[in-house]
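Student: Once you've had a glance at the structure underneath, I'll fire off some questions.
We did not get these values from a lab; they are worked out from the coordinates using the rules stated. None of these values were measured; they are calculated from a predicted model. Because the Cβ atoms are built from the backbone with ideal geometry, glycine has one as well, and the counts that use them run over all protein chains shown.
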Amino acid sequence: MLSLLVFFVHGYRWGERIRGDERRFLELAKRFKEAGLRLYVVEHAPSMQKAYYGKPMYYSLEIPSLYGYSNYTSLMRMLYTLSFVIRVCLKFRRRIDIIYAHNQDVSNLVPALIAKAIIRKPLIIVLHSLQDFNFSFKELLKMYRGSILDSLLILSQRVIGRLILKLADMVFTVSHTVRKEAEKSLNIKRIVVTGNGVDTNKFRPLKLEKKYHAVFCGRIDFAQKGIDMLLKAWKTIVSNLPSAKLLLIGGFQDKHNQGLLKKFVEVLKLRDNIIITGFLPDEKLVELLNESNIFILISRFEGFGLSVLEAMSCGLPCIVSDIPVFKELHDGIAIFSSQESTKDLVNEVFKILSDRTRYERLSFFSRIHALKFSWQVIADKEVTIIRTIAKRYSKLR
């Protein structure tokens, strides 16, 4: 039985938020186990599998929680994590066949590289987006509100991340758009597109009364998700349709984004038209998606945008930004809108709401489109490649 040492280090607890990359790993882990792989997963305590599955799916190597200890800086957390990883590698080094980093965050890449050096086994990295590696120092300074120290720290992390990606034995990506960017900007050759999926049995159409005109689902992150443009567009919609309700589902990226959302809602006078739910368990998420008419995601950049697929699986017409990855994945199915102009978005919302025949057609083809994206197909593809790499490496030894 092949054994994987997986780095699933995330900076928050279940119930705060869940990103697409975390959902991806949790969905694949179950299928990896069914395929006969043994997973040793390094993650923060408490393990996410307890809330997601309700039962163990892998052997969790929990990093003792440092939540609530304000005296632990980011650097100290990283050093603590690395010392934990070294102990894990020394203990399990004879059992591991493959090292697997579930995303490109430095919190996973650095420990994975250390594991590769100690255990001397192949490293596979799942690359969800290259946007983290493309910011200039000037852009970082703007993002971190003038803090030179924070900007330099993040810039150094991204330089390290680029170097580690080049040292991987194989890179999996979630879209052809990400693959092309990686080949061009990082000159990575050992790269395979394995994609993303959706659980169409969980995310499915339900016959529920429509209570909300539109819904957004994702992290409340103004810089990436275009929340500012969405709220400005909704202000215009409300001026023509005072009863218009917009549902915002998802955890906050940080306290800055939380404060920014509150400020936007107050300044635009949208308190009666915006419903903010925060993070929701999947059962409630599916219910609210089905109670909404339209799904909107006008991100400025994405590696995949898993929430679009989940909304489509529930039969929602989707309006998305005209960025390359959405055109790759949803051309002919989604409605595209400029991520820098509210005019297109406002017009498309009213067009869909006012034309029932078009609405039903978009809803039908959204569901059909989502059925093409299977977690099982992705898991089978990755398992085949993992077995091939492990077999090839054992022969070289």
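Student: Identify the trypsin sites (Lys or Arg not before Pro) of the stretch 154-206 meeting these criteria: DSSP loop state and at most 12 other C-beta atoms within 10 Å of the C-beta.
Tutor: In loop regions of the stretch 154-206 (DSSP not H, G, I, E or B), the sparsely surrounded trypsin sites (Lys or Arg not before Pro) are Lys189, Arg190.
Student: Starting from the Cα of Tyr80, step 7 Å along the direction of its Cβ; do the same at Ile368; then give the gap between the two resulting points in nm.
Tutor: 5.3 nm
Student: Which part of the stretch 326-347 falls in the paramagnetic zone of Val193, meaning amide N under 19 Å from the point 7 Å along Cα-to-beta-carbon?
Tutor: 326-334
Student: Place +1 on the Cβ of every Lys and Arg and -1 on the Cβ of every Asp and Glu in the chain, take the dipole about the Cα centre, and give the residue among Val265, Phe133, Cys217 whose Cα lies farthest towards its positive end.
Tutor: Phe133
Student: Mind pulling the angle between the C-alpha long axis of helix 342-354 and the longest principal axis of the chain? Nearest 10 degrees, somewhere in 0 to 90.
Tutor: Between the helix axis and the principal axis of the chain, the angle is about 70 degrees.
Student: Related question: Could you work out how much longer the chain between Lys327 and Lys33 gets when fully extended? Use 0.36 nm per residue separation minus the Cα distance between them, nm to one decimal.
Tutor: 102.5 nm
Student: Still on this structure, I have one more. On alpha-carbon atoms, Rg over Rh for the stretch 212-370 using Kirkwood Rh?
Tutor: 0.93
Student: What do the square roots of 5 times the Cα gyration tensor eigenvalues come to for the chain, in whole Å, largest first, as semi-axes of the equivalent ellipsoid?
Tutor: Sorted largest first and rounded, they come to 37, 24, 20 Å.
Student: Quick check on the stretch 174-279: what does the Kirkwood estimate of hydrodynamic radius come out to from the alpha carbon pairs, in Å?
Tutor: So the Kirkwood estimate lands at 16.5 Å.
Student: Note down the magnitude of the dipole of the stretch 212-370 about its Cα centre, charges +1 on Lys and Arg C-beta and -1 on Asp and Glu C-beta and zero elsewhere, to the nearest 20 debye.
Tutor: Here the size comes out at about 480 debye.
Student: Suppose the chain between Ser338 and Ala45 were pulled fully straight at 0.36 nm per residue; how much longer would it get relative to their current alpha carbon spacing?
Tutor: Full extension of this stretch gives 101.4 nm more.
Student: In whole Å, what are the Cα extents of the stretch 293-397 along the three principal axes, biggest one first?
Tutor: That gives 65, 28, 17 Å along the principal axes, largest extent first.
Student: May I pose another question? Please find the FRET efficiency linking Lys391 to Gln131, where r is the Cβ-Cβ separation and R0 is fixed at 25 Å, and quote it to the nearest 0.05.
Tutor: Given R0 = 25 Å and the Cβ-Cβ separation, E is 0.15.
Student: About its Cα centre, how strong a charge dipole does the chain have in debye, to the nearest 20, once Lys and Arg get +1 and Asp and Glu get -1 at the Cβ?
Tutor: Charge dipole, the chain, about its Cα centre: 1240 debye, nearest 20.
Student: What's the angle, to the nearest 10 degrees (0 to 90), between helix 176-185's Cα axis and the longest principal axis of the chain?
Tutor: Long axis of 176-185 versus the principal axis of the chain: about 60 degrees.
Student: In the stretch 153-259, which GluC sites (Glu not before Pro) fall in coil by DSSP and have 14 or fewer other Cβ atoms within 10 Å?
Tutor: Here the GluC sites (Glu not before Pro) that fit, given the DSSP loop and packing criteria, are Glu209.
Student: With a cut-off of at most 12 other beta carbons within 10 Å, and DSSP calling the residue loop, which trypsin sites (Lys or Arg not before Pro) in the stretch 211-291 qualify? Please list them.
Tutor: Sparse-neighbourhood loop trypsin sites (Lys or Arg not before Pro): Lys269, Arg271.
Student: Starting from 0.36 nm per residue, how many nanometres of slack lie between Glu291 and Leu268 once their C-alpha separation is accounted for?
Tutor: Taking 0.36 nm per residue and subtracting the Cα distance, the gain is 5.8 nm.
Student: Something else now. Please give the calculated 222 nm ellipticity per residue for the chain, where each DSSP H segment of at least 4 residues contributes -39500 (n - 2.57) and the sum is spread over every residue; nearest 500 deg cm²/dmol?
Tutor: For the chain, the value works out to -15500 deg cm²/dmol.
Student: Considering the dipole of the chain built from charges on the beta carbon (Lys and Arg +1, Asp and Glu -1) around the Cα centre, which of Ile96, Leu371, Met76 is farthest to its positive end?
Tutor: My answer, from the dipole projection, is Ile96.
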